[in-house]
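Written out below as structure tokens is the structure these notes cover.
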Amino acid sequence: EPQVLHYGRPGTMERLEPGMIFTIEPMINAGKRDIKEDAKGGQYDGWTIVTRDHSLSAQWEHAVLVTETGYEVLTLSAGSPPPPAFVREAQARSAAGVPA
């Protein structure tokens, strides 16, 4: 908690403040978006998620720290690819003090 959704109206949800840490956990499905918890060995572990239509899926996550000047991705490792151009541009604007 809190759950920070990736949609909605600006200014109506939780405000991110310096010092907060949150995760971004995208899931890309080859089929439909519907998911369910999976019972491995007949027991639910509270963690394993599968697609309802049994299509292939990929999920990953990053932990992100909100800083005074923007953010820091805490889970990047050596050899991680650079962020996409739109992220680098946003970082440059933030470093220059240009509002988002």
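The values are calculated or read from the model by the stated rules, or taken from the named source; none is laboratory data. None of the values given here were measured: they were computed from a predicted structure. As a convention, Cβ positions derive from the backbone with ideal geometry for all residues, glycine included, and neighbour counts pool all protein chains shown.
What is the residue count in the stretch 38-68 for residues that are out of contact with any Pro (no Cβ under 9 Å at 6 or more places or on another chain) and either among the basic types (Lys, Arg) or under 24 Å from residue 15 (Cα atoms) (or both)?
5
Which one is nearest to residue 70 (Cα to Cα), of the residues in the stretch 14-30 that are touching a residue at least 24 places away in the same chain (Cβ under 8 Å) and charged (D, E, K, R)?
The qualifying residue nearest to residue 70 (Cα to Cα) is 17.
Table: residues versus (1) aromatic (Phe, Trp, Tyr); (2) in the same structural domain as residue 97 (by TED's automatic domain parsing); (3) on the phi > 0 side of the Ramachandran plot.
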| site | (1), (2), (3) |
| --- | --- |
| 8 | no, yes, yes |
| 16 | no, yes, no |
| 39 | no, no, no |
| 46 | no, no, yes |
| 53 | no, no, no |
| 70 | no, yes, yes |
| 73 | no, yes, no |
| 79 | no, yes, yes |
